[in-house]
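The values are calculated or read from the model by the stated rules, or taken from the named source; none is laboratory data. Note that this is a predicted model, so its numbers are computed, not measured. As a convention, Cβ positions derive from the backbone with ideal geometry for all residues, glycine included, and neighbour counts pool all protein chains shown. These area figures cover heavy atoms from the full protein model, side chains too; ligands, DNA and RNA do not enter into them. Shrake-Rupley method; radii C 1.70, N 1.55, O 1.52, S 1.80 Å.
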Amino acid sequence: MRVPWSCVVVMGCLSWGAWAQATPPPSVPRFERGACPVEVVAGERIDCGLLVVPENRHKTDSRSILLPVMIFRSRAAKPATDPVLFMPGGPGGSAVQHRNSGKGNPFLDERDYILLEQRGAKFAQPALECPEINALKGEQAAGRLRGAAATTALAKALGRCRETLTASGVDLDGYTTEATADDIEDLRKLLQLKTWNLFGMSYSTRLMLTVLRRHPAGVRSVLLDSVLPPEVNFDEVAGVNLLRSLHLVFDGCAVDRECGTLYPDLPARFAKLVAAADRRPLPLKLDAAATGGRPVEVRGAQVVEALYSALHDPAAIPLIPKVIGDASEGRFERLTRLVQDNQGPATFAFGLRYSVWCAEELPFENPARMAAQHAPALGLGGVDEAAASPEECRAWNVTAASPVENTPVNSDVPTLIFAGEFDPDTPPEWSRRLLSAMPRAYSVEMRGRSHGASFHPCGLGIAMAFLRDPTRAPAVDCALKLRGADFSLSAHPVD
């Protein structure tokens, strides 16, 4: 099923450069049916193609770019006429990577399910990838690159990546949330859909809100999971959001009789562990297969990053007290597994990530508040959860977005919002704050869940029912019955 991407376009097997310079150009935007961007399971009804759109929508002479589209056809005898369009988080993640089958997708029982690769993502042409940044992120994860040296190295690498991309003809100002929202509307029209339902996860919740701001008429309903509202200044509170989730774990353990008895001083143990790792790297014995045979310096930041990763896994959250308790007493087996899972280079298309973030987030943020999020006083080992720093954005050098991109979206389109109790990135409060500007929105907090709260039988069931009739408040009985995280030691056998 793999076909060279240069052979996908209707014009034949021209190279990307030759195609981009073809004159006169075919009409844009347009949709061209073609091969799938990934190898798909034989026998499934999956239609694929390319959305062809201008690279910079504010320039009349802009070249065109190619965005892969996958349409998973419904299993229903008479599918609903309004499909779901799903886009993932990031910015910089791929919508189509590894999406080779519709099996297990409940939405296909009733309607089609569409994926659109965001402009600049891995399978788009061009893809705004910066391999050196991915490698440097791996160096940070291994503790070999830290603090000011890391910021300097990232900024220099970004400058080089910028030069490479712009020399190839890329217009970095074309890769914005606004532009992708317009791509979405173009795709709806080209597929001749009167309306459809939008499903956004994490960063793509901001994208779907932008579609509501710009193109509400074509949207029947919206599903938002782990909301990143445009008006929140993420980098100003990234560390505090992580700390909020950790304290939920500390408090959950404290009120559980077994956990609270064994770890009566969990916050103090956590602080002691991070401080000890900062004084001297922890002597963890990591698998060479996970580290590439290179040494890993497990300092406070690596400990915190390991716990941050665990906070994304509902099954791992109840085990965090034991991870901290054991490690504070020199037993590192559980912590070692978490640290190992964090090793290796990053996988984002970082050019896309920085183009969006440096245009739409950094210009509206307070540098002092950002710096405070990784200050020693926060007690997080200096870990920096910000998506970008001022130094990196200066190196990337894209045009700042209009101030409207930092304001709330008002909409009366029916919207269902999911939030995870322990989400360390997008706290439930961000979901609730949408309700004042969206009178037909409903917020559901999933106890015990984290980022990606709806990806659970209960959440998916609520979403399916909502799509059948978005005009009615969804029944959330299953969410009310969720037990949440069980910190009792008897619930987690020792391994």
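Criterion applied to Phe364, Phe350 was being closer than 30 Å to Ser402 by Cβ, touching a residue at least 24 places away in the same chain (Cβ under 8 Å) and open to solvent by 30 Å² or more (accessible area, probe 1.4 Å), and the one residue passing it is Phe364.
Yes or no, residue by residue, for (1) crowded, with 21+ Cβ neighbours inside 10 Å; (2) in contact with a helix residue (DSSP H, G or I) (Cβ under 7 Å, 6 or more places away or on another chain); (3) not in a loop (DSSP other than H, G, I, E, B):
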{"site": "Ser204", "(1), (2), (3)": "yes, no, yes"}
{"site": "Leu209", "(1), (2), (3)": "yes, no, yes"}
{"site": "Gly239", "(1), (2), (3)": "yes, yes, yes"}
{"site": "Leu242", "(1), (2), (3)": "yes, yes, yes"}
{"site": "Gly260", "(1), (2), (3)": "no, yes, yes"}
{"site": "Ala276", "(1), (2), (3)": "no, no, yes"}
{"site": "Ala289", "(1), (2), (3)": "no, no, yes"}
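Evaluate segment 197-213: report whether one residue or more is farther than 18 Å from Glu421 by Cβ, more than 17 Å from the chain's Cα centre (by Cα) and of a type outside the set (A, V, I, L, M). Yes - at least one qualifying residue is present in segment 197-213.
Count of segment 342-370 residues, restricted to those that are under 16 Å from Asn134 (Cα atoms) and out of contact with any Phe, Trp or Tyr (no Cβ under 7 Å at 6 or more places or on another chain), is 11. For segment 236-263, a tally of residues being closer than 17 Å to Thr205 by Cβ and not β-branched (Val, Ile, Thr) returns 2. If you go through segment 211-230 and keep only what is farther than 20 Å from Ala401 by Cα and either out of contact with any helix residue (DSSP H, G or I) (no Cβ under 6 Å at 6 or more places or on another chain) or hydroxyl-bearing (Ser, Thr, Tyr) (or both), you end up with Pro216, Ala217, Val219, Arg220, Ser221, Asp225, Ser226.
Taking every residue in segment 399-427 that is touching a residue at least 12 places away in the same chain (Cβ under 8 Å) and over 19 Å from Asn241 (Cα atoms) and pairing it with any residue that is open to solvent by less than 10 Å² (accessible area, probe 1.4 Å) and aromatic (Phe, Trp, Tyr), at least 6 positions away or on another chain, the pairs with Cβ-Cβ distances below 8 Å are Pro414/Phe466; Leu416/Phe466. When segment 291-307 is filtered for residues that are within 25 Å of the chain's Cα centre (by Cα), open to solvent by less than 40 Å² (accessible area, probe 1.4 Å) and farther than 10 Å from Asp341 by Cα, the ones remaining, listed by number, are Gly300, Ala301, Gln302, Val303, Val304, Leu307. Restricting Phe487, Phe466, Phe455 to those that are out of contact with any helix residue (DSSP H, G or I) (no Cβ under 9 Å at 6 or more places or on another chain), in a loop (DSSP other than H, G, I, E, B) and not charged (D, E, K, R) reduces the list to Phe455.
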